[in-house]
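See structure below.
The values are calculated or read from the model by the stated rules, or taken from the named source; none is laboratory data. All figures in this text were calculated on a predicted structure; none of them were measured in a lab. Every residue, glycine as well, gets a Cβ built from its backbone with ideal geometry; the counts of neighbours run over all protein chains shown. Protein only, heavy atoms only, side chains kept; ligands, DNA and RNA dropped before computing areas. Shrake-Rupley method; radii C 1.70, N 1.55, O 1.52, S 1.80 Å.
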Amino acid sequence: MNRYKATQEWLNTLLGDGQLPSNVVAIGFNLYDKGQDSWTMEMVGTGRFSLDDDSWLSDEIIDFGTRQYPLVWEQASDWKTILAEAVLHLKEYLDHGKHAHCLKTVAGVGVGFADGDIEILYTSPQRENG
């Protein structure tokens, strides 16, 4: 299965009812290098969002069960390639995914490695609450 299709199916399952909890202000996708060409991604909902402060991602209020059941794949690549592909796949989902409308109800959506910078994929400026 190609990576986008796997990401799409994972997100469709997570967002199955097409709604997020009302207290979720932003969505973050955390990437992890598990070693030996193994990678994972989690989706978390946060209680705040800021374009100026990446620490918003640490204000997690829900992990949608993805801490226990993350998206997992094997790929011989460096972290920069993994991040670039995650950005590409998530942007594609935000543009055409079954539940893209659900993700666009929040102030922002970002992706990054847990100890790195966050790349913002979507913002709704009127909802920012830094």
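Pairs linking a residue in segment 74-100 that is closer than 14 Å to residue 12 by Cα to a residue that is small (Gly, Ala, Ser) and in a helix (DSSP H, G or I), with Cβ atoms under 8 Å and 6 or more positions apart or on different chains, are 93/100; 94/100. Tallying residues that are aliphatic (A, V, I, L, M), outside any helix (DSSP H, G or I) and open to solvent by 10 Å² or more (accessible area, probe 1.4 Å) within segment 4-32 yields 2.
For segment 71-130, filtered to residues that are over 14 Å from the mean Cα position of the chain (by Cα) and open to solvent by less than 30 Å² (accessible area, probe 1.4 Å), the residue that is modelled with the lowest pLDDT is 124. Counting only strands (runs of 3 or more DSSP E) wholly contained in segment 33-114, the ones carrying 1 or more residues that are of a type in the set (Asp, Glu) occupy 38-46, 60-62, 71-74. Note on segment 13-64: residues that are in contact with a helix residue (DSSP H, G or I) (Cβ under 8 Å, 6 or more places away or on another chain) and small (Gly, Ala, Ser) amount to 4.
Inside segment 39-56, can you point out the residues that are open to solvent by less than 20 Å² (accessible area, probe 1.4 Å) and either among the aliphatic types (A, V, I, L, M) or in contact with a strand residue (DSSP E or B) (Cβ under 7 Å, 6 or more places away or on another chain) (or both)? Within segment 39-56, 39, 40, 41, 42, 43, 44, 45, 46, 49, 56 meet the criteria.
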